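A short write-up of the structure that comes next.
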Amino acid sequence: MQVKVRTFAACALLVLLLVPTAAGTSRTEVHGPLTLGGQGFVGGELGLELGEGQRPVRIAGRAGYVGFLDLGGDLKVRCLGRGRVAKHETEQGMVHFCKGRAVQAVVLGSHFKLRGFAKRFAIHLPDGASGALNGQFRRDGDESRGGAEERSQRREQKEQNAPIPTVAQLAAMLAAAMAG
């Protein structure tokens, strides 16, 4: 019975790694160095230019899991914190799986796929990392820049839609400006 459960779990993991991610996500071409944050499902395919001093991809998530399918034959995965790691050999290759309340994975390999889910997650891609990711992302810093641009546009629109002052109001504003 336990062998069947393990076989079923390995097959389910493979399906999770190979099926497209949930609706509402967008495909994003990525090139490191870059940090992306988001929530919900995440997936994609990444490659690293391996060389001396190459930094790993780091993924941190709250209450979730992340799985990696080794496509290059050289994948190394470490699960940090309280997350558990499991390895399964499949027809597609070796699958590394981290799960837990606080998932932290450090990944180094030339070519791999990843799939996961977390209430919140952050992915840090080092220099030399590139590929495509699917998910609902917020790039670090984009929110503040986008927010400032949106506020500026709303302010301009408000000024354009503001009622035209009467002659008496203009005279009062000019008198106040000349007096002060």
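The values are calculated or read from the model by the stated rules, or taken from the named source; none is laboratory data. Everything numeric in this text was worked out from a predicted model, so none of it was measured. A quick note on method: Cβ atoms are made from the backbone with ideal geometry, for glycine too, and the neighbour counts reach across all protein chains shown.
Name the residues in segment 83-112 that are among the charged types (D, E, K, R) and over 18 Å from Arg58 (Cα atoms), would you?
Our first condition is that a residue be among the charged types (D, E, K, R); within segment 83-112, this holds for 84, 87, 89, 91, 99, 101.
Matches in segment 83-112: Lys87, Glu89, Glu91.
Determine the pairs where a residue that is more than 19 Å from Gly67 (Cβ to Cβ), located within segment 20-34, has a partner that is among the acidic types (Asp, Glu) and modelled with pLDDT of 85 or more with Cβ atoms under 6 Å apart, the partner being 6 or more residues away or on another chain.
Note: pairs meeting the criteria are Gly32/Asp127; Pro33/Asp127.
Look through segment 117-169, keep the residues that are out of contact with any Asp or Glu (no Cβ under 8 Å at 6 or more places or on another chain) and on the phi > 0 side of the Ramachandran plot, and return whichever of them is modelled with the highest pLDDT.
This residue is Gly135.
Could you tell me whether segment 99-107 includes any residue that is at pLDDT 90 or above, crowded, with 16+ Cβ neighbours inside 10 Å and either among the basic types (Lys, Arg) or out of contact with any His (no Cβ under 9 Å at 6 or more places or on another chain) (or both)?
yes
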